[in-house]
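Okay, so here's the structure we're looking at.
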Amino acid sequence: MKLTIFAATGGIGGHLVGQAIAAGHDVTAVARNPAALPAAVRAVKADLATAQPAALATAVSGADAVLSALGPRSRAEYGIASTGTRAIAGAMQAAGVRRLVVVSAAPVGTVASPRRPRPPKHDPGDGFVMRHLLSPVITAALRDLYADLALMEDILADSGLDWTVVRPPRLTGRAGTGAYRTACGRNVRRGLTVSRSDVAHLMLAVLAQPETIRKTIGIAN
Ligand SMILES: NC(=O)c1ccc[n+]([C@@H]2O[C@H](COP(=O)([O-])OP(=O)(O)OC[C@H]3O[C@@H](n4cnc5c(N)ncnc54)[C@H](OP(=O)(O)O)[C@@H]3O)[C@@H](O)[C@H]2O)c1
């Protein structure tokens, strides 16, 4: 497939690029610093914090699917998931490219957003420990990050694109196992962590799973 990968120099993004090349895909990789990309990709330079319609049009034109692991490197960059994803979705709409897979986060199903002002209090996949002990603490600490991701999910829901949102819990740098668990429309029960490599694996796998279109997918090791 012809794939365009955003945030290609990030943790998950790097695994996406490596796994996509290994699987024989034709990869266009978008990054702020394309010098950090492997030689096997077509590199496009773009900073998604600023409007770059020409670069984004070049990046997505002719793609069969687009994958994004965009997220903030620091608190100063909170807001980039929604801002950047809005730009990616707009470029895809203009180019007639429909399939988009992005990374969100496990707690986002319970975070209010303009489109969903009264979300469920608990994710149906979360058990007692996550509901009552971990989730309230994590959600309070990362409120602004999750608000940005919830807005990103709103943008996708309104986009008309064939999107899939992957919602991982805490990410780790462990080696990918390929033996992760998934759950459609909810988090994975007792799923506290997942490796970045396995998140990338799932993002590529859902491209062959049309039943994941317009769905959120929980994942955990
Ligand atoms: N950490 C966790 O435990 C956790 C848990 C659940 C969900 N998540 C979500 O998963 C996301 C991905 O995780 P990760 O570990 O792969 O993150 P990461 O390594 O920090 O990668 C973030 C990527 O976004 C890119 N980016 C940021 N601002 C950009 C901009 N203005 N223009 C273009 N690219 C920009 C970065 O580009 P550069 O390479 O140029 O910096 C980087 O490639 C996180 O951002 C978070 O939203 C994280």
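The values are calculated or read from the model by the stated rules, or taken from the named source; none is laboratory data. Here the structure is a predicted model, which is why all the values come from computation and not from measurement. Neighbour counts are summed over all protein chains in view; Cβ atoms, including those assigned to glycine, are modelled from backbone coordinates with ideal geometry. To get the accessible areas, we keep the full protein, side chains included, count just its heavy atoms, and leave off ligands, DNA and RNA. Shrake-Rupley method; radii C 1.70, N 1.55, O 1.52, S 1.80 Å.
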Checklist entry - Does segment 135-143 contain any residue that is open to solvent by 70 Å² or more (accessible area, probe 1.4 Å), under 15 Å from GLY79 (Cα atoms) and out of contact with any Gly (no Cβ under 7 Å at 6 or more places or on another chain)? => result yes
Next on the checklist: When you scan segment 76-84, do you find a residue that is open to solvent by 20 Å² or more (accessible area, probe 1.4 Å), touching a residue at least 60 places away in the same chain (Cβ under 8 Å) and near the ligand (Cβ under 9 Å from one of its atoms), even just one?
Outcome noted: yes
Next on the checklist: So, ALA106, is that one under 25 Å from ALA20 (Cβ atoms) and touching an Asp or Glu at 6+ places or on another chain (Cβ under 9 Å) or not?
Outcome noted: yes
Item to check | Hits in segment 97-134 - residues which are more than 20 Å from the chain's Cα centre (by Cα), in a helix (DSSP H, G or I) and not basic (Lys, Arg) | outcome: PHE128, VAL129, MET130, HIS132, LEU133, LEU134
Next on the checklist: Of the conditions (1) of a type outside the set (D, E, K, R); (2) assigned to a helix (DSSP H, G or I); (3) farther than 30 Å from ALA63 by Cα; (4) more than 16 Å from the ligand (Cβ to nearest atom), ALA94 satisfies every one except a single condition; which number is it?
Outcome noted: (3)
